[in-house]
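Chemist: Before anything else, here's the structure in question.
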Amino acid sequence: MNDQIYIALVDEGIEAWRPVPALRLEADTYVILRPDDYDPMFETWQFPPGTMVICEQKQLSDGIFPVAVRRTQDVRRTA
């Protein structure tokens, strides 16, 4: 079963979020799945389907939800 995370919509003029299906890989790491109604001509997501992201809990208007905050390759690694 897939989880649901939230992705920021860009170019909306206001803060807007889209709930999307995602596959959890680790505690806070997900792969964004492509929903049937995804249309990049209609809305621009901060991270498109197929992107591996790190999520953090964030307060949105309806409660606290996991929100994609960065791509996994943006995470700094130390040797």
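The values are calculated or read from the model by the stated rules, or taken from the named source; none is laboratory data. Keep in mind it's a predicted model, so treat the numbers as computed, not measured. Glycine gets a Cβ as well: all are built from the backbone with ideal geometry, and neighbour counts include every protein chain shown.
Chemist: Quick one: would you say I7 is in a loop (DSSP other than H, G, I, E, B) and under 17 Å from L60 (Cβ atoms)?
Modeler: Criteria not met by I7.
Chemist: Does R18 satisfy the condition of being within 14 Å of I5 (Cβ to Cβ), under 9 Å from the mean Cα position of the chain (by Cα) and of a type in the set (K, R)?
Modeler: yes
Chemist: Ok, one more. Of all residues in the range 33-54, how many are polar (S, T, N, Q) and touching a residue at least 24 places away in the same chain (Cβ under 8 Å)?
Modeler: Matching residues across the range 33-54 total 2.
Chemist: Could you pull out the residue among A27, A22 that is exposed (fewer than 13 other Cβ atoms within 10 Å of the Cβ) and closer than 17 Å to K58 by Cα?
Modeler: The unique qualifying residue is A27.
Okay, residues lined up against (1) among the charged types (D, E, K, R); (2) modelled with pLDDT under 95; (3) over 20 Å from E12 (Cβ atoms):
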{"position": "F42", "(1), (2), (3)": "no, yes, no"}
{"position": "W45", "(1), (2), (3)": "no, no, no"}
{"position": "I54", "(1), (2), (3)": "no, no, yes"}
{"position": "Q57", "(1), (2), (3)": "no, no, yes"}
{"position": "D62", "(1), (2), (3)": "yes, yes, no"}
{"position": "F65", "(1), (2), (3)": "no, no, no"}
{"position": "A68", "(1), (2), (3)": "no, no, no"}
{"position": "T72", "(1), (2), (3)": "no, yes, yes"}
{"position": "V75", "(1), (2), (3)": "no, yes, yes"}
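Chemist: Among the residues of the range 22-63, how many are under 17 Å from N2 (Cα atoms), assigned to a strand (DSSP E or B) and small (G, A, S)?
Modeler: 1
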